[in-house]
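K.L.:
Supplied in structure tokens, the structure appears directly below.
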Amino acid sequence: QVQLAASGGGLVQAGDSLRLSCAASIGTFSLSRMGWFRQAPGKEREFVAALNWSDGRTYYRDSVKGRFTISRDNAKNAVDLQMNSLKPEDTAIYYCVADPYGNKWVYWGQGARVTVSS
């Protein structure tokens, strides 16, 4: 029943910034964590960032540490991904994900396309 709606993708130049947003419509469900995966053209889907809803702990893949920041909106079931100093290697479709129990990414959004030109 949970649905995830992502927005904020676009076409930018290397060094630019983008902010992705993801709002979760959860009904009577609750979420343990939310996060982002991405899939580049011809590549396998990979983890980008995650946030534990209970304590706010965040996790990032090494290649985005210091450049990307995941944050939550306490008033809503929503997370943002602030992406700074974007590189062509960041080009991918970014998927918002949610985990109701802390053991599996069950819910996936449609994805937001991010293209970074050099």
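K.L.:
For S21, indicate whether it is touching a Gly at 6+ places or on another chain (Cβ under 8 Å) and in a loop (DSSP other than H, G, I, E, B).
P.N.:
no
K.L.:
Answer yes or no as to whether D80 is acidic (D, E) and either touching an Asp or Glu at 6+ places or on another chain (Cβ under 7 Å) or under 11 Å from S21 (Cα atoms) (or both).
P.N.:
Yes; evaluated as a whole, the condition is true for this residue.
K.L.:
A further question on this structure: Specify the residue that is most open to solvent (accessible area, probe 1.4 Å); the eligible residues are those in segment 19-58 that are more than 16 Å from G111 (Cα to Cα) and hydrophobic (A, V, I, L, M, F, W, C).
P.N.:
Only one residue tops the list, namely F29.
K.L.:
While we're looking at this one, here's another question. Within segment 109-118, track down each residue that is of a type outside the set (K, R) and part of a strand (DSSP E or B).
P.N.:
Scanning segment 109-118 gives A112, V114, T115, V116, S117.
K.L.:
I need the full set of residues from segment 60-108 which are part of a loop (DSSP other than H, G, I, E, B), open to solvent by less than 30 Å² (accessible area, probe 1.4 Å) and at pLDDT below 95, in order please.
P.N.:
P100
K.L.:
Mind checking which pairs have a first residue in segment 104-118 that is touching a residue at least 40 places away in the same chain (Cβ under 8 Å) and within 16 Å of S7 (Cα to Cα) and a second that is polar (S, T, N, Q) and open to solvent by less than 90 Å² (accessible area, probe 1.4 Å), Cβ under 9 Å, 6 or more apart or different chains?
P.N.:
Note: pairs meeting the criteria are G111/Q39; A112/S7; A112/S21; R113/T91; V114/T91; T115/T91.
K.L.:
Another question, if that's okay. May I ask you to verify whether D16 is assigned to a loop (DSSP other than H, G, I, E, B), exposed (fewer than 14 other Cβ atoms within 10 Å of the Cβ) and of a type in the set (D, E)?
P.N.:
The answer is no for D16.
The values are calculated or read from the model by the stated rules, or taken from the named source; none is laboratory data. All figures in this text were calculated on a predicted structure; none of them were measured in a lab. Ideal geometry is used to build each Cβ from the backbone, glycine not excepted, and the neighbour counts take in all protein chains shown. Note: areas computed on protein heavy atoms with side chains; ligands, DNA, RNA excluded. Shrake-Rupley method; radii C 1.70, N 1.55, O 1.52, S 1.80 Å.
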